[in-house]
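What follows is a short report on a single structure.
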Amino acid sequence: MQPKDWIPLLQSLVWPVVLFGLAIWFRGAVKQILNAISDRIKGGAPFEAGPSGIKIGAVQLPPSSATGLTGAEDTRAVDDLPHPIYMTHTAVRDSSLDRGGQPYYRLRIAVEADEPEILDDVEKVIYHLHPTFRDPDRTATDRRSGFEIGTAGWGDFNMTAEIFFRGGGPKLVVERYINLPA
């Protein structure tokens, strides 16, 4: 077999080898994605696979009460909008915080409610920032500030907050996309 006869074989193997290598390199992330998809499907999300790709719908939660604070054990309100308590945020550019040529922003994250008296029943809020933050899980207990936390960041990310109520009722989990000004 001539050396030039190997070229078509090697060309046909390049992409499978590259994809296999990437799957090995990012195996942790691939496993997390596959587990998340599996959990969504087990939770009752509609699943569709075909020539146009894969589509996974939202998990349908049981209807909540008028206040949205009671119901099934899983009180995650992300898919049951609108809910009475939600996260808000502000982002202000602060060049004094810049590191490594990366522009940083001062972030203020809090919770608000359609009916402010609902927040009187909140004991604490545990915010779950992106895992790249130092101390990504932060607890706020000050009702007067709207359970506000402050931090600095350089990029957009999704986060969740667990809202715990006095008397030990079911917690409420809310989600927000933290975007920075352009």
Item to check | the range 157-174, residues that are in contact with a Lys or Arg (Cβ under 8 Å, 6 or more places away or on another chain) and either acidic (Asp, Glu) or free of Cβ contacts under 8 Å to residues at least 24 places away in the same chain (or both) | outcome: Glu162
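Residue by residue, here is whether (1) under 21 Å from Ser95 (Cα atoms); (2) of a type in the set (D, E, K, R) holds:
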site	(1), (2)
Leu119	no, no
Glu123	no, yes
Phe133	yes, no
Thr160	no, no
Asn179	yes, no
Ala182	yes, no
Item to check | Listing of strands (runs of 3 or more DSSP E) fully contained in the range 78-182 that carry 1 or more residues being touching a Pro at 6+ places or on another chain (Cβ under 8 Å) and closer than 27 Å to Arg40 by Cα | outcome: 122-128
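The rows are residues; the columns are (1) within 20 Å of Pro84 (Cβ to Cβ); (2) within 22 Å of the chain's Cα centre (by Cα); (3) of a type in the set (Lys, Arg).
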residue	(1), (2), (3)
Glu112	yes, yes, no
Pro116	yes, no, no
Arg138	no, yes, yes
Gly146	yes, yes, no
Gly150	no, yes, no
Ala161	yes, yes, no
Val173	yes, yes, no
Checklist entry - Among the residues of the range 123-131, is any surrounded by 15 or more Cβ atoms within 10 Å (Cβ to Cβ) and over 17 Å from the mean Cα position of the chain (by Cα)? => result yes
Checklist entry - How many residues are of a type in the set (Lys, Arg) and at pLDDT 95 or above when one looks only at the range 116-142? => result 2
Checklist outcome for this item: Those residues of the range 159-171 that are loosely packed, with under 12 Cβ neighbours inside 10 Å and either modelled with pLDDT of 95 or more or out of contact with any helix residue (DSSP H, G or I) (no Cβ under 9 Å at 6 or more places or on another chain) (or both) come to a total of 1
Item to check | Near pairs, Cβ below 8 angstrom, 6+ apart or cross-chain, from the range 134-156 (surrounded by 17 or more Cβ atoms within 10 Å (Cβ to Cβ)) to any residue that is of a type in the set (Val, Ile, Thr) and part of a loop (DSSP other than H, G, I, E, B) | outcome: Phe147/Thr141
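The values are calculated or read from the model by the stated rules, or taken from the named source; none is laboratory data. Note that the structure is a prediction, hence the values are computed from the model and not measured. Because the Cβ atoms are built from the backbone with ideal geometry, glycine has one as well, and the counts that use them run over all protein chains shown.
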